[in-house]
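Asks: Structure provided below as structure tokens; questions to follow.
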Amino acid sequence: MQLRRVKIEHYRALKNIDLSFDPAFDKQIFPLGSQNGGGKSTLLQLIFALLHCAGVPERHGYLRNLMESFIHPEDEAEKLVAELTLSFADRAIDVRFVSLGPRFLDGVFDESENKADWGVFSALKKTGEKISELRDGQRDVRARISEIEESASRKERSALERQIRRWSDEFERIEELLKHHAADSARLKGARERIGHLLKAKNHLMITDYSSHASNPRQRARALVAHSNELDYKEVEECLLDTERSIFLLGPSTQQYLFLPRLPRRTFVESGGANDEVLEQEHPHGMFRRIDSATEKPAVLYAREISSAEEKLSGFVAYDWLSVEPLIQMFRKARDEDFAEAVKTESYGNRYTSMLAEVNNLLYGKKVRPKADLSGIEFTLVTPDGEESAIGLEDLSRGELKRIMIYAWLIANQDEGALVLIDELETSFHPDWQVGIVRDLWDWAPQNQYILATHSYEVCSALTPAQVCELEPRLTPEAEVDVEATPDGEPETPS
């Protein structure tokens, strides 16, 4: 999968964005440059969240977090969030992600149902959870009554009659609540069914409802949907299942990720501005947990949310590159491939030794030494006469670590034609390495397409100017960006 074009009318700092990624370039690497505040990171996160989460219902909570910042005026029935042109093999598909407001539902409900809107989807889910909870409570009450009746003698049962009546009353109370919630569920299902018929008629795929806090916290719910002029809504759903497996976002662990819950993002930025409160936070899957912000530092809370997102979003990597796990995964994969070769041909492959040699070539005066059982990685310092002495992970520079970990991650996650979004690729690199890492990406995994959010002139200069996509405020003077380039990536020679 490759991204050919992205159009965004207005999302946070992004306004009137229309960027193309030309398939004619041999090297599918596109720096996304601007000065601070241009929305580069926001753009990568929006693309990633839409393509990685839309097709997986368990991830829709991350989209609801993302859409909290989207401004959709009350008087507009629908508003474009993003239009993405995707390429699968030789087929290009336009997928539009659209926010639908309450006015889109005009005429669907009569006046007696005027409270029904996009919120029926969340309300139905919560009602179902409540019914399930009440039924569990009913079973507990029934078990408690049976326990009392079976274990007590006739004389004891007489003394326990009051307790039995109390539990029986509780059983009847739950029964009444179940009837009430069952009626609510039937009403909400009817509303959902009518909305579903309307969406099918419009060829829209329902993704999730959401609430926006950007302009008015009390405004009615909206819906995020997807549709395409080339596909019906079921084919769009299949397409989004394909994109989920083919897109990755790599970014620093200190970045503000808009698809994470608002509270940890806010407290992280405000350095614990709510320190004396005990707050409730909604998790991506509709669950709440209480946070004592007086005892949990904002940085710790945010790091926990980052870690949780990495577990649930298989394509998300928030790097600090202080972990050797990508290296371990790469060597384990190479070892398993060598063993599979031995089973097949009775001769071990050389994938492991080749990987080790390539990693060591990335280091100057140092070597990688995997432990025998691949439970860890050790490093050695190599003197000019070839002697080696053990050193710790902390003895490598951040730039060295980052380079070998990017290499290891790409090798361990080799997919055919993945879209890899990388934020702040240049940090910790010497200017010469900033140029070199762009070439490295293509040498290490040329089957991928890369979009790189960057502030670096060196990263941009490593490619032809026509491959550099710029946002305002521009990173380079306009005259420098307008240089003509041939599709194969080489600058035109002036005649």
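Asks: Quick one: would you say Glu341 is modelled with pLDDT of 90 or more and open to solvent by less than 50 Å² (accessible area, probe 1.4 Å)?
Replies: Taking the combined requirement at face value, the residue does not satisfy it.
Asks: Conditions: (1) closer than 17 Å to Tyr210 by Cα; (2) open to solvent by 10 Å² or more (accessible area, probe 1.4 Å); (3) aromatic (Phe, Trp, Tyr). Phe70 meets all but one. Number of the miss?
Replies: Among (1) closer than 17 Å to Tyr210 by Cα; (2) open to solvent by 10 Å² or more (accessible area, probe 1.4 Å); (3) aromatic (Phe, Trp, Tyr), the lone unmet condition for Phe70 is (2).
Asks: Still on this structure: For the stretch 166-208, which residues satisfy the criterion of being assigned to a helix (DSSP H, G or I), closer than 18 Å to Leu124 by Cα and touching a helix residue (DSSP H, G or I) at 6+ places or on another chain (Cβ under 6 Å)?
Replies: Leu177, Leu178, His181, Asp184, Ser185, Leu188, Ala191, Arg192
Asks: Which residue pairs have Cβ atoms closer than 8 Å, lie 6 or more positions apart in sequence or on different chains, and pair a first residue in the stretch 372-395 that is touching a residue at least 24 places away in the same chain (Cβ under 8 Å) with a second residue that is surrounded by fewer than 13 Cβ atoms within 10 Å (Cβ to Cβ)?
Replies: The qualifying pairs are Ile377/Lys371.
Asks: Still on this structure, I have one more. Which residue is surrounded by the most Cβ atoms within 10 Å (Cβ to Cβ), if the candidates are limited to the stretch 315-338 and must be of a type in the set (A, V, I, L, M, F, W, C) and in a loop (DSSP other than H, G, I, E, B)?
Replies: So the residue we want is Trp321.
Asks: So which of Asp432, Asp440, Asp395 is open to solvent by 20 Å² or more (accessible area, probe 1.4 Å) and within 15 Å of Ser461 (Cα to Cα)?
Replies: Just one listed residue meets the conditions, Asp432.
Asks: Return the pair list, or none, for Cβ contacts closer than 8 Å from residues in the stretch 296-321 that are on the phi > 0 side of the Ramachandran plot to residues that are surrounded by 20 or more Cβ atoms within 10 Å (Cβ to Cβ) and aromatic (Phe, Trp, Tyr), at least 6 apart or on different chains.
Replies: Short answer, once both residue conditions are applied: none.
Asks: The conditions are (1) open to solvent by less than 10 Å² (accessible area, probe 1.4 Å); (2) at pLDDT below 90, and Val6 fails exactly one of them. Which is it?
Replies: Failed condition: (2).
Asks: OK, next. Looking at the stretch 55-82, which of the residues that are assigned to a loop (DSSP other than H, G, I, E, B) and touching a Leu at 6+ places or on another chain (Cβ under 9 Å) is farthest from Tyr450 (Cα to Cα)?
Replies: Within the stretch 55-82, the match that is farthest from Tyr450 (Cα to Cα) is Ala77.
Asks: Can you name the residue in the stretch 28-54 that is modelled with pLDDT of 95 or more and assigned to a loop (DSSP other than H, G, I, E, B) and, of all such residues, is nearest to Ser99 (Cα to Cα)?
Replies: Within the stretch 28-54, the match that is nearest to Ser99 (Cα to Cα) is Ala54.
Asks: I need a count of the residues in the stretch 86-104 that are crowded, with 17+ Cβ neighbours inside 10 Å and either farther than 15 Å from Leu224 by Cβ or modelled with pLDDT under 75 (or both).
Replies: 3
Asks: Could you list, in sequence order, the residues of the stretch 22-38 that are surrounded by fewer than 21 Cβ atoms within 10 Å (Cβ to Cβ) and either on the phi > 0 side of the Ramachandran plot or touching a strand residue (DSSP E or B) at 6+ places or on another chain (Cβ under 6 Å) (or both)?
Replies: Gly37
Asks: Starting from residues that are open to solvent by less than 70 Å² (accessible area, probe 1.4 Å) and outside any loop (DSSP other than H, G, I, E, B), keep the ones in the stretch 345-357 and report whichever is farthest from Asp395 (Cα to Cα).
Replies: Thr345
Asks: Moving on. Restricting the first residue to the stretch 215-240 and requiring it to be acidic (Asp, Glu), which pairs with a second residue that is at pLDDT 90 or above meet a Cβ separation below 8 Å and a spacing of at least six or different chains?
Replies: Taking only residues 6 or more apart or on different chains, the pairs are Glu230/Ile93; Glu230/Asp94; Asp232/Asn203; Glu235/Ser228; Glu237/Gly55; Glu237/Leu205.
The values are calculated or read from the model by the stated rules, or taken from the named source; none is laboratory data. Small disclaimer: the values here were computed from a predicted structure and weren't measured. Glycine gets a Cβ as well: all are built from the backbone with ideal geometry, and neighbour counts include every protein chain shown. Just the protein is used for accessible areas: all its heavy atoms, side chains included, with ligands, DNA and RNA removed. Shrake-Rupley method; radii C 1.70, N 1.55, O 1.52, S 1.80 Å.
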